1. Can you tell me which condition residue 77 does not meet? The list is (1) assigned to a helix (DSSP H, G or I); (2) modelled with pLDDT under 80, and all the others hold.
2. Tell me, which helices (runs of 4 or more DSSP H) wholly within segment 242-308 include 1 or more residues that are within 19 Å of the chain's Cα centre (by Cα) and closer than 30 Å to residue 184 by Cα?
3. Quickly run through segment 231-246 and pick out the residues that are touching a strand residue (DSSP E or B) at 6+ places or on another chain (Cβ under 7 Å), over 24 Å from residue 166 (Cα atoms) and not hydroxyl-bearing (Ser, Thr, Tyr).
4. If I filter segment 117-139 down to residues being of a type in the set (Val, Ile, Thr) and in contact with a strand residue (DSSP E or B) (Cβ under 7 Å, 6 or more places away or on another chain), which single residue comes out as surrounded by the fewest Cβ atoms within 10 Å (Cβ to Cβ)?
5. Which residue out of 171, 128, 156 is more than 30 Å from residue 210 (Cβ to Cβ), in contact (Cβ under 8 Å) with a residue 40 or more places away in the chain and among the aliphatic types (A, V, I, L, M)?
6. Would you confirm, using the coordinates I've provided, whether residue 272 is within 27 Å of residue 209 (Cβ to Cβ), surrounded by 12 or more Cβ atoms within 10 Å (Cβ to Cβ) and at pLDDT 90 or above?
7. Give the residues of segment 140-153 that are surrounded by 14 or more Cβ atoms within 10 Å (Cβ to Cβ) and touching an Asp or Glu at 6+ places or on another chain (Cβ under 8 Å), sorted by residue number.
Amino acid sequence: MNSRKKIFHVAFIVALILVSVIGGIYLAPTSRDILHDEPMVGIEPEVLVSPDSQTNEVQRFSNAAKRISADETKTLRRIFSPIFSASNESIRAEGKFVFAGQCIDPATQKKASVFRTQHDYTTMGQFAPFVVLLKENPASSSYNDIFGDVILSSYAPPRGYILLLTGEQLARISEMDVVETIFEVTAEYKTEPFLAWLAEKSETDFIIDVMIRLFDTADVEAVVERVRNIARGFTLYPSFSGENYLIGTISLSQIPELATIGGIEWIEQKSEFNINNNLAVMEPRLNVSRVWEDWLLYGEGQIVGHADTGLDTGDTNT
């Protein structure tokens, strides 16, 4: 009897562990989802390449409602994503660099060495965000080994770093031999490419829920005030990791003005969360039906947690 109980308990624990690892929460598409390299399956080629087809599909939503949700844009994202990926691959094949959906040619990109006269001191103070593109993949995995004591905002793999620099740091780094080019993260690099595409194809000024991420060095209160002067109703959500987000509703035509605020790092459509654990337990993912049928174990009354750091080291080999 004791032996059967032990087997029963072991099977129960194994089932819970498997559910926690493979089961989970699937997110609605975000800007990071559309930056993949593989084209999506199931889209007819003529839909991908025909501007008329793209415009017609967007207009179908334009005629339906002025407000558009993340769920409603899934169809439009399925049209946009392969086009965007194909464009990026073409740009990379020419030896150029893609950043936030924009083509950067290192050979012609002027290397910045001073702040622009339009620098937003109100929301960013003495710092400004710059993309630093190296001539070759870095020999060291530590950005401090390359640039010295600077603030890293994020990576732009494989050779790019987004740094928050003072004027003195910018002047010093622009003279480094390992740097191919350096340019400021201005308004055109702050908006999810899908939203720009949607605004271009639509005759309707859609109302959309957006999430705004702030730079680490931004004056949060100043940014919030500027944002609310453009569109009321935005709420500040500080994260446990120290990042600050604003979430609210805005029209597509107001996004370019938002992007001019120096303290804003990124603007994207707000994701909608969907719990699909019922799908995770089915084939070919987990297939726990035998545990249910043979052992009558369903995990009822148990709480299972799963954490994923999602660390991006900037090294494509790790």
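1. (2)
2. Result: 255-259.
3. Scanning segment 231-246 gives 231, 233, 234, 236, 238, 246.
4. Within segment 117-139, the match that is surrounded by the fewest Cβ atoms within 10 Å (Cβ to Cβ) is 131.
5. On inspection, the qualifying residue turns out to be 171.
6. The answer is no for residue 272.
7. 151, 153
Here is a yes/no grid of residues against (1) of a type in the set (Asp, Glu); (2) surrounded by fewer than 16 Cβ atoms within 10 Å (Cβ to Cβ):
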residue: 203; (1), (2): yes, yes
residue: 210; (1), (2): no, no
residue: 215; (1), (2): no, no
residue: 219; (1), (2): yes, no
residue: 227; (1), (2): no, no
residue: 233; (1), (2): no, yes
residue: 241; (1), (2): no, yes
residue: 246; (1), (2): no, no
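The values are calculated or read from the model by the stated rules, or taken from the named source; none is laboratory data. Treat the numbers as computed from the prediction; the structure is a model and nothing was measured. Every residue, glycine among them, receives a Cβ derived from its backbone with ideal geometry; neighbour counts consider all protein chains shown.
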